[in-house]
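Undergrad: Just dropping this structure here.
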Amino acid sequence: MGTMRWRRTWCWWRRWPTVKDFPPEAISVMLEFGMSLRMGTSLCARVLKCLIPASVVPQEAVVRAVVWLGVGKLPISTQVLFIKWVLTIFDLIDAKDQLRAIYGFIFSFVTEENLCPFICHLLYLLTRKESVRVFRVRKLLELQSKLGRQPFLLHLLSLYKVFCPELVTLSIPSRMRSGFRNHNSTWKSALIGVQKRNGSQVALSNNPAFTIKDKTNSRKRKHYHLELPALSSVVNKEAQTEPSSSRKLLPLVQLHSFAQLLENMHRIELPAQMGSLLGSSLPLQYLDFVQDESALLRLNFWLGYALHEEFLFCGDGGALQTSEEALQFLNKLLSTQHFLQEGFSSSEAFLYKFLAVWDGSLLRPQILGLLSNVPVVPSSQIGRLLFEPLMQLFFTSSMFFKCGLMECLNNMLLKWLTWHSVYALEDDLDISLNSHTSINMTLSGFKDSVMELVDFAGRLSSVGLQLEACHSLFLSFVLDFYETVCDMFLKYGLPLVVMPPPGVFYPAMCATDPVSVDRLAYIMYRYKVNLTSAKSQEKLTEQAFHISRETFREFNHYIVVMVNCLWNSKMFQPGMGVQLGEELLLKSNVPQYWTSFDLIHHPAFMSYAVDFHQKCWPGTKDMDLNSIKHSKPWSWYLEYLFTQGYDGLKQFVQSNISWQLTAGDGRGDSRSTQQT
């Protein structure tokens, strides 16, 4: 009977993984028992395999176990198993200060070829700025020359370079798919089962974008990389009730107000799983305030891994189209970027790749939202990275995609101009493309990038209006964009004025809805205000930027066309920009065709002219709209239009047209005021 009982107990030891969980005291005893090899090497591996903590793992126990690695009695396979176990339960270790104190001892094991990947992973989690030393950088570079450009070495070196860029001169690839692989899914499954049974939740994964797959549904792809880990404490419910004032570091999960964040700003420890920060306001405020380069690097690594795995490297075809996980993940990412008012470098790198394979319909609002947060791209690269794939999508997609893309470009331009207005210096321009990664860009380089973006949007707008038959919805998004462009100088301080192309100006002037004409009038009014201010500064100071004569000539031409068209009834006249043959105009059988687009006969305002005529001459059976052109009715008609809310038209008329009432039938002497 005793033998049978012993065999049952021995079989329990051999289970992998066991469902038994151990309290902190038992973890310390069992770990010391196994690592000391008191019962031989085979039993040590079995102890580690069944060592599932119920709550936390004492830091002292882990430190003592690490010291046993230096004795030289443990086989390499057992050492690898132990380091894997430490990586698995890293979030459950109650403190990390003593582990960081023996950083140099742990680093000495990188020379072991079998241990090197796991030691690098552990060092990555423990590294602080004071941990980076010249001899450690040299050792890693020496290992790289021996082992090749291994991902685990590159990622540790990249973290070193963030803290001390002067020590790491190696060029680190900006886009690496993965660095630290995960081999501990069985342990993690057991840990998740224990946490669920105990009613607590712990962020168990310190590997980027890792969550246990659902094996019961293996045929259907599950977007496990897109599940955000919970921001929870590394202690269980009982441990949370104990005071933590004696600890040097305070977990973010224990903060519940902004006042607590300010009081404990210098003793906060970020979670090992940085993905848990997404969507949590207090942790994001802390991350944005302290600007911890290592934390941002880890967050970008996790985010880039998740985006690449689920959207670029997945092989399930259209499974993402109905994925609620993907939708929620991207919405959470967008809300985080809006909260921080900037994008992530990992999402930017992902977008440049994803645009090449995107069909324009998959998660369109989310992808365009991420695209609008892309920082300033150098003019030499913006065509290849953005314009070429977007142009192909624009010409092959629906009108709703065209509208969404124009809104995206407008938001992108707004963010660029805002960055300029905030970070512009007197002699140079230092635009922080990311608040944690400062990239210097000259003013001329920034202007070139903005010019490329505005020109690209102009080309898309001109062709899009032709393809969509000047649809009023698409025209509205186009005018939104040029409302931003026309105020770049006065509102954002950018010394640049770019006029809209004819393919945008004339469709807006001849639009059938009055709102579009009114918005065009407002845009031209703001152009005049900006040009007038720029020219006055050019005369007063020598440092003001110079506006080309071509810009003034183009603006003057547009003003003359609008005044002659809307006010003087001289449409289709020579030099107006829109010319039709005399024979074709006569064949149209339109009486007085040159008045077809004035403020009375314009398709956008004719309904107002008819309503005004009926109110002025209610008993008249024959309606003669030309009677409105008399002096007093004309003044009343203008006031009537302005009271309908067309402030843009009112500002345009008041700033560009000088007219006086006369006693005759005409409207008076009118002329357009132009820039010279």
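The values are calculated or read from the model by the stated rules, or taken from the named source; none is laboratory data. The structure presented is a predicted model; accordingly, all values stated were derived computationally and were not measured. So basically every Cβ, Gly included, is an ideal-geometry build from the backbone, and we count neighbours across all protein chains shown. Note: areas computed on protein heavy atoms with side chains; ligands, DNA, RNA excluded. Shrake-Rupley method; radii C 1.70, N 1.55, O 1.52, S 1.80 Å.
Undergrad: With a point put 7 Å past each Cα toward its Cβ, work out how far Thr620 is from Ser548 in nm, to one decimal.
TA: Each label point lies 7 Å from its Cα, and together they span 4.9 nm.
Undergrad: Could I ask something else about it? In the stretch 9-167, what percent of the accessible surface is made up of carbon and sulfur (1.4 Å probe, ligands and nucleic acids excluded)?
TA: Values: 3760 of 6630 Å².
With neighbouring chains kept in place, the figure for the stretch 9-167 is 57 percent.
Undergrad: Then there's this: How much area per residue is accessible in the stretch 474-563 when the probe is 1.4 Å and only protein heavy atoms are counted (Å²)? Please report the intermediate quantities before stating the final value.
TA: Working: 3480 Å² over 90 residues.
For the stretch 474-563, the per-residue accessible area is 39 Å².
Undergrad: When ligands, DNA and RNA are left out and all protein chains stay put, how many square angstrom of accessible area per residue does the stretch 600-660 have with a 1.4 Å probe? It would help to have the intermediate numbers written out before the result.
TA: Numbers: 3200 Å² over 61 residues.
Normalised by residue count, the accessible surface of the stretch 600-660 is 52 Å².
Undergrad: Suppose R0 equals 51 Å. What FRET efficiency, 1/(1 + (r/R0)^6) with r the Cβ-Cβ distance, do Gln328 and Glu538 give to the nearest 0.05?
TA: Details: r = 52 Å, r/R0 = 1.02.
Computed FRET efficiency for Gln328 and Glu538: 0.45.
Undergrad: Also, quick follow-up: Can you tell me how much longer the chain between Ser361 and Gln381 gets when fully stretched, taken as 0.36 nm per residue apart minus their C-alpha distance, in nm with one decimal?
TA: Numbers: separation 20, 0.36 × 20 = 7.20 nm, distance 2.52 nm.
Here the segment from Ser361 to Gln381 would lengthen by 4.7 nm.
Undergrad: Nearest 0.05, what FRET efficiency do Arg138 and Ala101 give at R0 = 25 Å with Cβ-Cβ as r?
TA: On the way: r = 22 Å, r/R0 = 0.90.
Efficiency at R0 = 25 Å is approximately 0.65.
Undergrad: To the nearest 0.05, how large is the calculated FRET efficiency for Glu269 and Phe339 if R₀ is 22 Å and r is the Cβ-Cβ distance?
TA: Working: r = 22 Å, r/R0 = 0.98.
Computed FRET efficiency for Glu269 and Phe339: 0.55.
Undergrad: Tabulate in residue order the Karplus-calculated ³J(HN,Hα) for the stretch 282-297, using 6.51 cos²θ - 1.76 cosθ + 1.60 with θ = phi - 60°, rounded to whole Hz; enter x for Gly and Pro.
TA: Listing the rounded values in order: 4, x, 5, 5, 5, 4, 6, 7, 7, 6, 6, 5, 5, 5, 5, 5 Hz.
Undergrad: Taking 7 Å along the Cα-to-C-beta vector as the label spot, tell me the Ala45-Asp455 distance in nanometres, rounded to one decimal.
TA: 6.6 nm
Undergrad: Keeping the other protein chains in place, figure out the carbon and sulfur percent of the accessible area of the stretch 600-660, with a 1.4 Å probe. Mind showing how you got there, number by number?
TA: Working: 1600 of 3200 Å².
After summing per-atom areas, the C and S share lands at 50 percent.
Undergrad: I would also like to ask the following. What relative contact order, as a whole-number percentage, does the stretch 28-140 give when Cα pairs under 8 Å and 6 or more residues apart are counted?
TA: Values: 90 pairs, mean separation 27.6, N = 113.
Relative contact order of the stretch 28-140: 24 percent.
Undergrad: Also, quick follow-up: Expressed in nm to one decimal, what extension gain is obtained for the pair Met30 and Gln466 from 0.36 nm per residue of sequence separation less their Cα-Cα distance?
TA: Details: separation 436, 0.36 × 436 = 156.96 nm, distance 7.60 nm.
Full-extension gain reported as 149.4 nm.
Undergrad: About the Cα centre of the stretch 9-167, what is the dipole size in debye to 20, counting +1 per Lys and Arg Cβ and -1 per Asp and Glu Cβ, all else neutral?
TA: In total the dipole reaches around 380 debye.
Undergrad: Can you tell me the relative contact order of the stretch 600-660? Whole percent, Cα pairs under 8 Å, sequence separation 6 or more.
TA: Details: 22 pairs, mean separation 15.9, N = 61.
Reported relative contact order: 26 percent.
Undergrad: Averaged per residue, what accessible surface does the stretch 9-167 expose to a 1.4 Å probe, in Å²?
TA: Numbers: 6630 Å² over 159 residues.
Per-residue value: 42 Å².
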